[in-house]
1. 5 Å is the cut-off here: which amide hydrogens, built 1.01 Å from N in the peptide plane, fall below it relative to residue 66, excluding neighbours closer than 5 in sequence?
2. Is the range 80-153 rounded, prolate or oblate when judged by the Cα gyration tensor, a ≥ b ≥ c being the square roots of its eigenvalues, rounded requiring a/c under 1.5 and prolate requiring a/b larger than b/c?
3. Show me the ranking of peptides 82-90, 142-150 by mean Cβ neighbours inside 10 Å, starting with the highest.
4. Round to a whole angstrom and tell me the spacing of the C-alpha centers of the range 113-146 and the range 87-105.
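What follows is calculated from the coordinates using simple rules that are stated; it is not laboratory data. The structure presented is a predicted model; accordingly, all values stated were derived computationally and were not measured. Positions of Cβ are backbone-derived with ideal geometry, glycine not excepted, and every protein chain shown enters the neighbour counts.
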Amino acid sequence: MTADRKAGQGLGEAFPHLATVANAKGLPSLQSVETVDWQEVDVAFFGLPHGAAQPLAVSMPAHVKMIDLSRQFEAQIRQFGQHSENLLRYIVLSTIDERWKDHLYDLDHLKASIGFRGWGQKDPLIEYKQEAYAMFVDLMTDIRKQVASYLFRAQLTAPPRRPPRGAGGSSAPAASPGSSSGRSTVVMWRS
């Protein structure tokens, strides 16, 4: 795995949110692009912005499969068209809101139980600060993962069509509740 600015660091050090995966799988340290032995590489993942992976792609051996994650992200955003900005805003804000509430709830539990650390001859204030920081790092990682998950699973669909009215009924479309026009309303909800 390569990362020029973080070359020599372990994957878990460079990207704390991947630490458990990196440690469990025994992944190698990050390397500078110039020092990689491409004969040992089968797949290369790029997450560089705005097609910056293109110069690297030219110098890659033919057997290396390249996956440009930034291109997939941009394609996913483009599929939403004019709704992309609103959808991104909704996903990010609702995820932050939901996770922040959970984080505050967890901090209340930590605060209520931290006094027991004094029985183990540990300073409760230092223990609280350390655990609260670790919980905050986990919160940030969780938000990133959840936003990415929601974004890559999101799909725009047309509202369901109303079945035509049977005999004896009016053929004019019924107005939505609370409105005087026949326009349909799209409502977004969280499951």
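1. Amide H neighbours of residue 66, under 5 Å, 5+ apart: 44.
2. Since a/c reaches 1.5 and a/b is larger than b/c, the shape of the range 80-153 is classed as prolate.
3. Values: 82-90: 12.6, 142-150: 15.0.
Put in order of decreasing packing, that is 142-150, 82-90.
4. Between the Cα centre of the range 113-146 and that of the range 87-105, the gap is 20 Å.
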